[in-house]
Ligand code: GAL
């Protein structure tokens with residue numbers, strides 16, 4: 001029997017960030033083979049692949065496991081080594097990855113978001129062109145052209161996408177909504193209408209809107225910017241055509257401040273699964289989260305319609321706030337053949353169907369059969385085809401990592417009482433100026 005190894009993982013939870021940094025200062029070069037159990041019956045494995053993600057636990061790990069199951073079938077002679085680092089949205093993983101890349105200790109492949117985040121790695125010369133693999137694996141026409149554009153620089157393609165997620169989704173508990181004297185089937189055309197409902201939920205003694213640590217607050221912020229500004233001006237935030245100092249942005253930040261006033265006070269010690277759990281448990285009515293949340297509801301055995309409902313963040317109907325995960329071939333990967341095997345599975349129809357069914361996302365490939373997916377995912381497939389697509393901020397599509405980090409720092413300072421709204425806006429203006 002083959003035994004799957006795990007690269008020495010960092011402790012889960014928010015302490016992971018500091019532990020991650022501590023690990024890096026030790027060189028971040030833990031021997032990936034050191035946790036191989038004694039007597040590992042591994043003789044048949046010809047090579048291995050360390051796969052670096054932040055899908056370390058819960059429903060995200062189940063998604064990774066589903067992909068690994070296909071990988072094991074397709075590449076029985078390549079041993080999967082799990083290099084996952086806990087922390088939603090890569091909140092700890094991305095710093096650790098950067099340290100490893102700078103120390104010439106890359107994993108064999110790593111998760112990176114399509115768009116500006118990937119461009120960071122490309123510009124730093126940290127990832128190889130995999131255009132030849134697109135030809136070898138027959139992927140040239142498998143993905144939507146504009147997705148491939150986000151993976152391409154100067155005609156070279158730098159990663160293979162595994163999935164497409166939607167960020168602008170509200171997840172809600174219909175029982176809590178009813179017990180607050182509201183109609184669970186009501187729809188809200190604007191943030192203002194939704195805030196009236198949130199007032200009622202709060203008056204009924206529930207948390208109206210659950211949120212977690214900084215990155216989830218930035219996630220909420222991006223959807224509110226989108227709702228208030230509309231897709232065109234939202235896009236303009238990233239290309240310079242919308243002024244961060246404008247009155248429109250001030251109004252959006254005021255809406256964010258109001259949204260935060262409805263949230264749970266323990267938020268900074270939580271990660272996304274905890275905030276979603278508050279909706280599942282009937283503590284909170286609403287949670288804004290990407291559609292990896294649907295996988296958490298499914299994992300918990302919750303039924304759509306009775307246990308949970310979902311709708312686009314009010315004010316963002318007809319807009320699909322997009323992000324995609326993809327996998328790279330790092331420069332200097334110790335096991336490039338293992339990495340290529342992994343990339344083949346990631347791009348394959350079988351891999352994409354198995355992974356996305358478990359992950360809540362939709363396949364990046366255009367040839368998957370929509371009827372294989374959940375009702376929620378079918379709505380996402382339709383929206384992705386019909387809606388206006390915009391790029392997620394919190395998930396690497398819209399900005400380079402440094403800009404996102406500056407926005408995250410400003411947001412955290414604001415939501416922990418470290419400054420007023422004018423200071424927050426001034427810091428966002430400064431972040432945009434670089
Ligand atoms: C996103 C990632 C998703 C999901 C989420 C929560 O950045 O693209 O796949 O894992 O973070 O951790």
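The values are calculated or read from the model by the stated rules, or taken from the named source; none is laboratory data. Please read these numbers as outputs of a predicted model, since none were measured by experiment. Reconstructed Cβ throughout: ideal geometry from the backbone, glycine too, with neighbour counts over all protein chains shown.
For segment 251-265, check the following and say yes or no: at least one residue is within 30 Å of residue 341 (Cα to Cα) and either surrounded by fewer than 18 Cβ atoms within 10 Å (Cβ to Cβ) or in contact with a strand residue (DSSP E or B) (Cβ under 7 Å, 6 or more places away or on another chain) (or both). It would help to see each step written out before you state the result.
Pass one, segment 251-265, residues within 30 Å of residue 341 (Cα to Cα): none.
No; the residues of segment 251-265 include none that is within 30 Å of residue 341 (Cα to Cα) and either surrounded by fewer than 18 Cβ atoms within 10 Å (Cβ to Cβ) or in contact with a strand residue (DSSP E or B) (Cβ under 7 Å, 6 or more places away or on another chain) (or both).
Yes/no matrix, rows are residues, columns are (1) assigned to a helix (DSSP H, G or I); (2) without any contact (Cβ under 8 Å) to a residue 24 or more places away in the chain:
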{"position": "225", "(1), (2)": "yes, no"}
{"position": "228", "(1), (2)": "yes, no"}
{"position": "231", "(1), (2)": "yes, no"}
{"position": "238", "(1), (2)": "yes, no"}
{"position": "245", "(1), (2)": "no, no"}
{"position": "248", "(1), (2)": "yes, yes"}
{"position": "256", "(1), (2)": "yes, no"}
{"position": "273", "(1), (2)": "yes, no"}
Q: Quickly run through segment 375-390 and pick out the residues that are in contact with a strand residue (DSSP E or B) (Cβ under 7 Å, 6 or more places away or on another chain) and either within 27 Å of residue 302 (Cβ to Cβ) or loosely packed, with under 14 Cβ neighbours inside 10 Å (or both).
A: 375, 376, 377, 380, 381, 383, 384, 387
**Q.** Cβ pairs under 9 Å, 6+ apart, first in segment 377-390 and free of Cβ contacts under 8 Å to residues at least 24 places away in the same chain, second part of a helix (DSSP H, G or I)
**A.** 378/370; 378/371; 381/370; 382/370
Q) Failed condition for residue 426, given (1) assigned to a helix (DSSP H, G or I); (2) more than 21 Å from residue 234 (Cβ to Cβ); (3) over 21 Å from the mean Cα position of the chain (by Cα), with all others met? A) (2)
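Among the listed residues 399, 345, 379, identify the single one that is more than 16 Å from the ligand (Cβ to nearest atom), modelled with pLDDT of 95 or more and not assigned by TED's automatic domain parsing to the domain that holds residue 117.
Testing whether each residue is more than 16 Å from the ligand (Cβ to nearest atom), modelled with pLDDT of 95 or more and not assigned by TED's automatic domain parsing to the domain that holds residue 117 leaves just 379.
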Q.
Taking the condition of being within 16 Å of the ligand (Cβ to nearest atom) and under 22 Å from residue 341 (Cα atoms), how many residues in segment 70-93 meet it?
A. 4
Q.
Please go through (1) under 23 Å from residue 207 (Cβ atoms); (2) within 20 Å of the chain's Cα centre (by Cα); (3) away from the ligand (no atom under 16 Å from the Cβ) for residue 275 and return the number of the only condition it doesn't satisfy.
A. (3)
Q: Can you tell me which residue among 67, 96, 118 is surrounded by 23 or more Cβ atoms within 10 Å (Cβ to Cβ), in contact (Cβ under 8 Å) with a residue 60 or more places away in the chain, in a helix (DSSP H, G or I) and more than 14 Å from the ligand (Cβ to nearest atom)?
A: 96
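Scanning segment 355-374 for residues that are in a helix (DSSP H, G or I) and crowded, with 23+ Cβ neighbours inside 10 Å, which turns out nearest to the ligand (Cβ to nearest atom)?
The selected residue is 359.
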